[in-house]
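S.K.: Sending over a structure as structure tokens; questions will come in a sec.
The values are calculated or read from the model by the stated rules, or taken from the named source; none is laboratory data. Please read all numbers here as calculations on a predicted model, not as lab measurements. FYI the Cβ positions are ideal-geometry reconstructions off the backbone, even for glycines, and counts take in every protein chain you see. Side chains included, ligands, DNA and RNA excluded: accessible areas come from the protein's heavy atoms. Shrake-Rupley method; radii C 1.70, N 1.55, O 1.52, S 1.80 Å.
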Amino acid sequence: MPAEPPIDTPRHLFEAYGHLAAGPSRPIAGGTDIMVAITGELGAIPERMLDLSRIDELRGISLEAGRLVLGARTTYTEIRRSALCREHLPALVEAAATIGAAQIQNRGTLGGNIANASPAGDTLPILLAADAVILVGGQRGEREISANEFFPEYRKTALAPDELILQVRFPLGGGRELRFRKVGTRRAQSISKVVIALGWRGGASGWSDVRVALGSVAATPVRARATEAVLEGTHPTPEVADRAAETLAGELKPIDDVRSTADYRRMVSARILHRLLRDAGGW
Ligand SMILES: Cc1cc2nc3c(=O)[nH]c(=O)nc-3n(C[C@H](O)[C@H](O)[C@H](O)COP(=O)(O)OP(=O)(O)OC[C@H]3O[C@@H](n4cnc5c(N)ncnc54)[C@H](O)[C@@H]3O)c2cc1C
């Protein structure tokens, strides 16, 4: 028997780009979304698939130039166990802990959640609120895309068919804070009815760079810009929290569907935001 060839990660990445350029092919990472499609329960069955499991360049969690960098194949279990994530991005660790149960967390990846682009994808509001950047690559080279521009419409992404998600890069420092809450039918194994990420920079003169990002309330993960404007330059006092919650309830236009009603989503979103502001304000 010939010995296994040594794993040459750049070569595997290069070959993967070649496969994608040669014709339509669906990458498969953890397979937790794709396997549902293969059974025909959701979406079209892919004709060709590209296994990402040998591309080690898509793995790893590191600090680089003031950013926390996660490879696209990073699983939720790896995020939960990562000392770097726990120290620098605890909101992502919290989100990872709410996704599916142990089996899904062991296989499901951050890159898969992003490429799947479900409006209920739990990590996506965190990406928006953290001003994360997604590094993608293909035969034509690599490019960074802001998470805020990555989800243009329902289940569509800015990724070209011949590109892979390589990394997610989270800027750190500068007094950045981030909080996360998910509301589902139960604590585990539930698709979210509402998910919120709140980001800001603290300062004596008030909050700046405020981000209010939500999932499961629109066709894509969204920023609540009017609510952000209410919070910008303020401190999280009870009066500010009342005004922000009211603005959010007016700003959101969710739909009724099998998981929840529009009214419930609007009311709960406002309540959660109020609670997050109360916790941040310490009152
Ligand atoms: C029982 C169950 C419970 C779940 N619970 C939750 C939950 O609570 N919250 C939640 O958000 N999701 C949940 N999911 C959905 C799923 O687990 C996540 O979206 C997961 O992150 C998908 O990652 P994956 O690696 O398994 O993706 P895959 O199934 O391998 O791929 C998903 C999509 O991403 C593409 N893709 C994957 N990696 C790349 C890459 N590097 N570059 C380009 N495209 C890529 C694939 O082609 C495919 O279109 C659940 C799924 C199941 C089956």
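S.K.: Would you mind checking region 161-175 for residues with the amide N under 13 Å from a putative spin-label position 7 Å along Cα→C-beta of residue 208?
M.R.: 174-175
S.K.: Any chance you could check the Cα centroid distance between region 96-128 and region 19-40 for me, in angstrom?
M.R.: 16 Å
S.K.: Under a plain spin-label model, where a point goes 7 Å from the Cα along Cα-to-Cβ, how far apart in nm are residue 271 and residue 155?
M.R.: My value for the distance between the label points is 3.0 nm.
S.K.: Counting only the heavy atoms of the protein chains, how much of residue 169 is accessible to a 1.4 Å probe, in Å² to the nearest 10?
M.R.: Probe radius 1.4 Å; accessible area of residue 169 about 40 Å².
S.K.: Still on this model: Quote to one decimal, in nm, the extra length available between residue 255 and residue 87 on full extension: 0.36 nm per residue of separation minus the C-alpha distance between them.
M.R.: 56.9 nm
S.K.: Report the calculated FRET efficiency for residue 243 and residue 148 (r = Cβ-Cβ distance, R0 = 22 Å), to the nearest 0.05.
M.R.: E between residue 243 and residue 148, to the nearest 0.05, is 0.35.
S.K.: Could you work out the relative contact order of the chain, using alpha carbon pairs under 8 angstrom and six or more residues apart, expressed as a whole percent?
M.R.: For the chain, the relative contact order is 14 percent.
S.K.: Continuing with the same structure: Could you report the accessible area of residue 264 in Å², rounded to 10, computed with a 1.4 Å probe on the protein chains as they sit in the structure?
M.R.: Accessible surface of residue 264 is approximately 80 Å².
S.K.: Let me ask something else. Please determine, in degrees from 0 to 90 and to the nearest 10, the orientation of helix 9-22 with respect to the longest principal axis defined by the Cα atoms of the chain, where the helix direction is its Cα long axis.
M.R.: Between helix and principal axis, roughly 90 degrees.
S.K.: Between residue 48 and residue 106, what length in nm is gained on full extension when 0.36 nm per residue of separation is reduced by their alpha carbon distance? Could the numbers behind the result be given before it?
M.R.: Values: separation 58, 0.36 × 58 = 20.88 nm, distance 2.43 nm.
Computed gain between residue 48 and residue 106 is 18.5 nm.
S.K.: Something else: How large is the accessible surface per residue of the chain, computed with a 1.4 Å probe and reported in Å² as a whole number?
M.R.: The answer is 49 Å² per residue.
S.K.: Taking the Cα centre of the chain as origin and charging only Cβ (+1 Lys, Arg; -1 Asp, Glu), how large is the dipole, in debye to the nearest 20?
M.R.: Computed about the Cα centre, the dipole is about 680 debye.
S.K.: Moving to a separate point now. Restricting to DSSP loop positions (anything but H, G, I, E, B) with no more than 13 other Cβ atoms inside 10 Å of their own Cβ, which trypsin sites (Lys or Arg not before Pro) remain in region 93-144?
M.R.: For trypsin sites (Lys or Arg not before Pro) across region 93-144 that sit outside H, G, I, E and B with at most 13 neighbouring Cβ atoms in 10 Å, the list reads 140.
S.K.: Ignoring any ligand, DNA or RNA, what whole percent of the accessible area of region 1-144 comes from carbon and sulfur when the probe is 1.4 angstrom?
M.R.: Numbers: 3930 of 7190 Å².
About 55 percent, which is the carbon plus sulfur part of the accessible surface.
S.K.: At 0.36 nm per residue, and after removing the present C-alpha to C-alpha distance, how many nm does the segment from residue 177 to residue 139 gain when stretched out fully?
M.R.: Working it through step by step, the gained length comes to 10.0 nm.
S.K.: Relative contact order for region 177-281: what is it in percent, counting Cα pairs under 8 Å that are at least 6 residues apart?
M.R.: 23 percent
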